[in-house]
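Input: a single structure, listed below in structure tokens.
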Amino acid sequence: MKKLVLMVSMVVALTTMGFAQNKTGKISGTVIDGNQKTIESATIALLNAKDSTVVKYAVADKNGMYRFENIAAGKYMVSITAVGHSKGFSEPAEISDSKNEISVKTIELVPVAKGLASVTVTSKKPLIEQKIDRTIVNVEASVTNVGSSALEVLEKSPGITVDKDGNISLKGKAGVMVLVDGRPTQLGGTDLANLLRSMNATQLDQIEIMTNPPAKYDAAGNAGVINIKTKKNKQMGYNGTLSLGYGQGKYPKFNEGINFNYRKGKINVFTNLNHNYRKGFQNLDIQRNFRNEDTKEITSYFDQQARMMNEGNSYNAKVGVDYFVDKKTTLGVVVSGLSNQGDFQNKNTALIYSPVGSLQDITKALSLSNNDFKNLSTNLNYRRVLDTTGKEITADLDYLVYNTEDNNSLSNYYFNASGNTKQKGDTLYGFLPQDIQILSGKVDYLQPLKKGAKFEAGIKTSFVKTDNNAQYDTVHNGTIVRDLGRSNYFVYEENINAAYVNLSTPLSKKLNVQLGLRLENTTNNGRSTGFTFNNGTSEFEAFDTTFKNNYTQLFPTAYFQYVVNEKNNLGLNYGRRIRRPNYESLNPFIEFLDRYTYEQGNPNLKPQFSHNIELSHTFKNILTTTLNYTKTTDIIQQVIEQNTAKKETFIKQQNIADQRQYGVAVNLGMPVNKWWTSNIYVNASNNRFSGIVNGDQVTIEANMLMLNGSQQFKISKNFSAEVSGFYRTAGLEGVIKTKPMGMVSAGFSQTVLKGKGTLRLNIRDLFYTQKFQAETRYGNVDAAFQTNRDSRVANLGFTYRFTKGKMNGAPKRRAGSANDEQSRVGGGSGN
């Protein structure tokens with residue numbers, strides 16, 4: 001409470017300072033077209049005259065008039081755009097103590113020769129944009145993204161790595177919160193990876209990468225937040241995009257989608273419909289040495305070969321309506337749904353050798369899985385502008401339902417070294433349903449202050465309930481019977497209440513500061529019921545395991561930006577964050593991966609906490625260098641336990657250790673000449689894990705270097721090419737040491753149909769080098785992994801844009817209220 005009182009007092013004091021600043025100025029003007037007619041709903045941008053950065057946006061009224069208020073002292077310019085007209089600029093204007101109200105000269109926009117319906121306005125965005133609090137990737141700016149999934153786009157984005165299971169890390173740190181349009185990704189774990197694989201790059205506009213998000217965001221996400229922004233537009237009338245894509249690796253992949261928006265009067269209707277089909281393979285080889293726990297001598301050696309096939313169809317849809325009650329009030333509703341159906345097959349062969357290398361046993365297994373995941377979510381939102389200074393209040397209410405049905409079977413066949421049947425085979429059937437309900441609501445308040453300052457505050461509450469009833473059956477004497485020892489019923493409930501305040505203000509002409517504080521209280525309880533086998537009585541006995549937790553935490557954030565001169569900017573930020581366990585990770589039931597490998601949840605998992613500090617320098621907005629330091633406690637990490645006598649391996653999640661990481665990142669994006677643009681990102685880091693794993697003290701440390709690059713070539717007005725790729729050296733992911741990996745892609749883009757269509761062709765992983773290799777050795781665990789998949793794919797994509805209307809100033813779609821909760825929805829047996 002002392003910390004809370006101190007931080008709130010500091011924020012109130014700074015708010016008072018913001019009100020006490022000198023008076024600010026106003027800038028107003030009028031826009032007309034070449035025929036001396038006013039232009040209604042033109043987009044007005046107030047620019048900093050020094051570097052042309054945008055300070056504020058406005059929209060002209062029906063008389064072509066616009067106005068900016070609460071403008072800090074300085075030199076500015078006004079930029080005006082309107083469909084069917086060329087862009088216009090004002091002369092520089094300066095706000096000072098002696099002149100704080102300026103009326104700029106009327107700006108005349110020149111009409112273009114073509115009619116409105118045939119005008120196509122295009123602009124070339126840079127691939128990478130570096131902001132004070134985030135890195136932005138403009139997806140469509142890369143030719144080699146065509147035909148890629150959202151997961152593959154993330155994989156080659158600056159600082160992001162994706163492992164063989166689709167788990168995402170940022171700058172070498174796990175625990176990333178992924179959002180879509182500022183709203184929940186709807187999934188976590190394997191299901192999150194499946195969703196991102198089902199989303200095609202043609203649906204995406206930008207990817208925002210935030211290692212230290214402001215207090216307005218949920219404190220979840222140890223490594224930060226990745227916000228995937230889908231395509232939107234702001235035009236009156238109708239507009240949209242049609243996309244078709246086909247990819248051919250060893251197996252085919254294709255996708256189709258349509259984005260459509262229609263606005264007339266006070267009603268705005270939008271919809272996104274997409275389908276994605278993907279078929280592929282993955283080969284996984286594992287070598288395991290089973291060692292004596294005391295002497296550490298090898299007792300047996302395993303060589304496992306898994307040949308996996310996956311096939312999936314995903315359909316997702318979003319329909320929304322905005323109703324503009326008046327100029328200050330907007331009501332909205334968004335309904336979205338997802339259906340992801342997949343089939344998975346794994347043919348597994350385990351060769352078991354003696355310590356001297358002679359073959360002893362052979363086990364062949366066939367694992368089949370059919371997964372049906374469905375989601376339906378509803379968002380109600382409200383926005384009210386309170387006055388002309390920009391005060392506003394927004395509210396969101398979200399209700400989400402998830403349903404997963406996973407049917408699988410595992411059949412094992414046993415042979416001796418000569419290939420003759422050694423014992424009778426066995427079959428295990430599993431039905432693993434999961435139902436999740438999330439109800440979440442939040443209210444946010446924004447108040448612009450004097451001298452360019454801004455105050456924000458908000459509250460949020462969420463309620464989550466998960467229901468998992470894992471049922472296993474075995475074949476006994478030709479009859480299928482319930483396997484009580486493996487079946488389990490798990491129910492989990494959680495409530496999180498949060499509140500935050502955030503203040504940003506300039507302390508001088510060169511120094512800006514933003515301070516925030518978030519308070520979160522978490523209450524949860526879980527109950528697991530089932531049966532366990534008692535060797536003493538040879539009977540199954542019922543068990544009942546319950547747990548409860550209640551904790552309150554503060555999460556401060558701070559950002560400082562100092563403008564050294566026109567070419568150099570310095571930034572410093574700090575944030576404390578939390579990573580809560582996925583709902584499925586708390587479920588203690590056992591999931592069987594193969595005859596000798598099991599995965600089990602852990603109801604005793606605690607949340608992990610991290611402190612993140614970054615110091616950055618930006619030169620001429622083309623070169624950004626960042627130094628970072630992170631300290632994480634109680635890391636949630638998959639660990640491997642082995643039963644040497646039974647030759648079995650258990651994969652569990654535990655709070656295994658503390659992590660310390662420091663690193664440096666360099667991002668350079670610049671035109672080499674008129675036809676060549678280069679983007680290069682380099683990140684070097686040192687990771688150190690230290691803790692108790694399986695009763696043994698484990699300390700692992702490793703350096704890693706990551707490189708992302710893109711070289712874009714403008715060959716002609718309508719034809720361009722690109723070569724891109726990534727490479728990372730050996731590194732550390734938890735207790736697993738990874739080996740070097742990288743890939744190169746190349747592609748071409750041709751504009752067709754008078755600029756309305758784009759045809760793209762690329763080859764991803766051109767040299768087929770994206771192969772994951774790793775090893776883990778600690779205590780009596782000694783294993784190595786190698787995997788490759790259907791990653792070399794030739795893609796052909798076509799996009800057609802259609803529009804009829806004029807630009808307007810409709811507010812952007814905002815984030816919903818269930819960000820953290822949906823990102824923790826656990827993954828089932830993914831495909």
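The values are calculated or read from the model by the stated rules, or taken from the named source; none is laboratory data. Nothing here was measured: the structure is a model prediction, and the numbers come from that model. Cβ: placed from backbone, ideal geometry, glycine included. Neighbour counts: every protein chain shown. These area figures cover heavy atoms from the full protein model, side chains too; ligands, DNA and RNA do not enter into them. Shrake-Rupley method; radii C 1.70, N 1.55, O 1.52, S 1.80 Å.
List of remarks:
- If the condition is being surrounded by fewer than 19 Cβ atoms within 10 Å (Cβ to Cβ) and assigned to a loop (DSSP other than H, G, I, E, B), then the stretch 756-778 contributes 756, 766, 767, 768, 769, 771.
- All positions within the stretch 43-72 that are open to solvent by less than 50 Å² (accessible area, probe 1.4 Å), out of contact with any Phe, Trp or Tyr (no Cβ under 7 Å at 6 or more places or on another chain) and at pLDDT 80 or above: 66, 68, 71
- Residues in the stretch 354-377 that are open to solvent by 50 Å² or more (accessible area, probe 1.4 Å) and either outside any loop (DSSP other than H, G, I, E, B) or touching a His at 6+ places or on another chain (Cβ under 8 Å) (or both): 359, 360, 364, 366, 368, 370, 374, 376.
- Residues that are assigned to a strand (DSSP E or B) and farther than 19 Å from residue 549 by Cβ, drawn from the stretch 577-598: 590, 591, 592, 593, 594, 597, 598
- Across the stretch 380-427, the number of residues qualifying as closer than 30 Å to residue 71 by Cβ and in contact with a strand residue (DSSP E or B) (Cβ under 8 Å, 6 or more places away or on another chain) comes to 14.
- Considering the stretch 609-654, and only residues there that are under 24 Å from the mean Cα position of the chain (by Cα) and among the small types (Gly, Ala, Ser), the residue that is nearest to residue 299 (Cα to Cα) turns out to be 610.
Okay, residues lined up against (1) closer than 30 Å to residue 607 by Cβ; (2) touching a Gly at 6+ places or on another chain (Cβ under 9 Å); (3) among the β-branched types (Val, Ile, Thr); (4) surrounded by 16 or more Cβ atoms within 10 Å (Cβ to Cβ):
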residue	(1), (2), (3), (4)
224	yes, yes, no, yes
251	no, yes, no, no
268	no, yes, no, yes
290	no, no, no, yes
307	no, no, no, no
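Listed here are the residues, each with its yes/no results for (1) out of contact with any Asp or Glu (no Cβ under 8 Å at 6 or more places or on another chain); (2) part of a strand (DSSP E or B); (3) within 30 Å of residue 392 (Cα to Cα); (4) open to solvent by less than 20 Å² (accessible area, probe 1.4 Å).
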residue: 419; (1), (2), (3), (4): yes, no, no, no
residue: 422; (1), (2), (3), (4): no, yes, no, no
residue: 425; (1), (2), (3), (4): yes, yes, no, no
residue: 438; (1), (2), (3), (4): no, yes, yes, yes
residue: 441; (1), (2), (3), (4): no, yes, yes, yes
residue: 444; (1), (2), (3), (4): no, yes, yes, yes
residue: 447; (1), (2), (3), (4): no, yes, yes, no
residue: 451; (1), (2), (3), (4): yes, no, yes, no
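- Here is the figure for the stretch 378-417: residues that are within 26 Å of the chain's Cα centre (by Cα), hydroxyl-bearing (Ser, Thr, Tyr) and open to solvent by 30 Å² or more (accessible area, probe 1.4 Å) total 3.
- Residue match in the stretch 546-569 (condition: among the basic types (Lys, Arg), closer than 24 Å to residue 631 by Cβ, open to solvent by 20 Å² or more (accessible area, probe 1.4 Å) and in a strand (DSSP E or B)): no
- Within the stretch 472-510, the set of residues being open to solvent by 30 Å² or more (accessible area, probe 1.4 Å) and of a type in the set (Gly, Ala, Ser) comprises 478, 485, 499, 508.
- Candidates 330, 299, 295 - the one that is in a strand (DSSP E or B), surrounded by fewer than 18 Cβ atoms within 10 Å (Cβ to Cβ) and of a type in the set (Val, Ile, Thr): 299
- Yes/no for residue 93 being modelled with pLDDT of 80 or more and either open to solvent by 50 Å² or more (accessible area, probe 1.4 Å) or within 30 Å of residue 449 (Cβ to Cβ) (or both): yes
- Taken across the stretch 339-350, residues that are assigned to a strand (DSSP E or B), in contact with a Ser or Thr (Cβ under 6 Å, 6 or more places away or on another chain) and modelled with pLDDT under 90 do occur, with at least one present.
- Listed by first and then second residue, the pairs linking a residue in the stretch 560-580 that is aromatic (Phe, Trp, Tyr) to a residue that is loosely packed, with under 15 Cβ neighbours inside 10 Å and part of a loop (DSSP other than H, G, I, E, B), with Cβ atoms under 8 Å apart and 6 or more places separating them unless they lie on different chains, are 562/510.
- If the condition is being at pLDDT 75 or above and outside any strand (DSSP E or B), then the stretch 195-211 contributes 196, 211.
- Of the candidates 463, 455, the single residue that is among the aromatic types (Phe, Trp, Tyr) and either touching a Gly at 6+ places or on another chain (Cβ under 6 Å) or open to solvent by 50 Å² or more (accessible area, probe 1.4 Å) (or both) is 463.
- Within the stretch 281-291, the set of residues being under 17 Å from residue 640 (Cβ atoms) and not aromatic (Phe, Trp, Tyr) comprises 284, 285, 286, 287, 288, 289, 291.
- Unique residue being open to solvent by less than 20 Å² (accessible area, probe 1.4 Å) and of a type in the set (A, V, I, L, M, F, W, C) when the list is 666, 693: 693
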